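The structure under discussion appears below in the form of structure tokens.
The values are calculated or read from the model by the stated rules, or taken from the named source; none is laboratory data. All figures in this text were calculated on a predicted structure; none of them were measured in a lab. For neighbour counting, all protein chains shown are included, and Cβ atoms are generated from backbone atoms with ideal geometry for every residue, glycine included.
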Amino acid sequence: MPAESTPPVKAIDAAAIDAFVEKLWSEGGLADNTLASYRQDLEGLSRWLDGQGKSLDSATRESLNAYLAARFSAGGRRGTGFSARSNARLLSTLRSFYRQRAALGAIAEDPTLLLDAPKLPRPLPKALSEGEVDALIRAPDVETPLGLRDRAMFELIYATGLRVSELVGLRTEQINLRQGVLRVTGKGGKERLVPLGEQAQDWLESYYAQARPVLLRGAAVDAVFVTARRAGMTRQMFWTMVKNHALRAGIEGKRISPHVLRHCFATHLLNHGADLRALQMLLGHSSLSTTQIYTLVAREGLKRLHEKHHPRG
């Protein structure tokens, strides 16, 4: 049976699309693939509008909303790929097209002016299991100065949920081992006090006593975590360190990022009943909505646990 051919775009819409793409090409010098995507988006809308008895220039905000909703619904049911992200890209095309049509006087009003962009799903932070975190933390060889430093860094970031930039940027005056707290200046210059926890405090004391002086060899450096070159650690060095120890710990098939232990700190605290407001303060989030994403991670973990172990999961 021959494949069903794509219906042609009505002439009036084809002319408008040609004019739009030509202007983009002449003024913006966009790549051919980008221009082809714009054309495909507009031709798809034109065919749908034709079925509603409309053209591109007669489209209203309501008809555009209906088209976006129809695409999103089709993508959800049949996997055609019209996700919220795909619709957001389409809306960008439509806004450019109708802005040009309004400027040319072809339409009286831009129908995309009050059109809401579809909400994109927020990517969930990746978290390791508690067993994987334990294996990662134990991976460094603490009989060496560098290994002892790495263990102290892992213990500290997992105990406090520091951002990687905050961790590598720590200065000695920010840590009070006697009181078991550290003072952090986070995003927006906001300062917060974070408890260390007994294990992180013990490993920091060991690092200070046994590893840091050996690595510095008499150099005066105020960074807490230093390298064999007698300088402070960097984000890139920490990323490499995490990757290497993850391999040593046998953690495979998961994307390991520099922020992984911060994410684990938040997720595991929630799993054990931590208060969301307290977690917000510990993480240094200005908005509770930023912290709430970790409740989704914790919920997903509980769902997987139920599916794996419940007899009717």
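Of the candidates A127, A135, the single residue that is more than 17 Å from P213 (Cα to Cα), of a type outside the set (D, E, K, R) and surrounded by fewer than 21 Cβ atoms within 10 Å (Cβ to Cβ) is A135.
Taken over region 208-236, the residue count meeting the criterion of being free of Cβ contacts under 8 Å to residues at least 40 places away in the same chain, surrounded by 15 or more Cβ atoms within 10 Å (Cβ to Cβ) and in a helix (DSSP H, G or I) is 2.
Among residues belonging to region 109-155 that are within 30 Å of E62 (Cβ to Cβ) and under 27 Å from the mean Cα position of the chain (by Cα), point out the one that is modelled with the lowest pLDDT.
Looking at residues that are within 30 Å of E62 (Cβ to Cβ) and under 27 Å from the mean Cα position of the chain (by Cα), I get L120.
Kindly indicate the residue of region 248-258 that is more than 16 Å from L146 (Cβ to Cβ) and loosely packed, with under 15 Cβ neighbours inside 10 Å and also farthest from the chain's Cα centre (by Cα) among those meeting that condition. Among residues in region 248-258 that are more than 16 Å from L146 (Cβ to Cβ) and loosely packed, with under 15 Cβ neighbours inside 10 Å, the one farthest from the chain's Cα centre (by Cα) is G250.
How many residues does region 167-199 hold that are polar (S, T, N, Q) and under 24 Å from the mean Cα position of the chain (by Cα)? Of the residues in that region, 1 qualify. Just to be sure, is A246 at pLDDT 80 or above and part of a loop (DSSP other than H, G, I, E, B)? Here the answer is no, as A246 does not meet what is asked.
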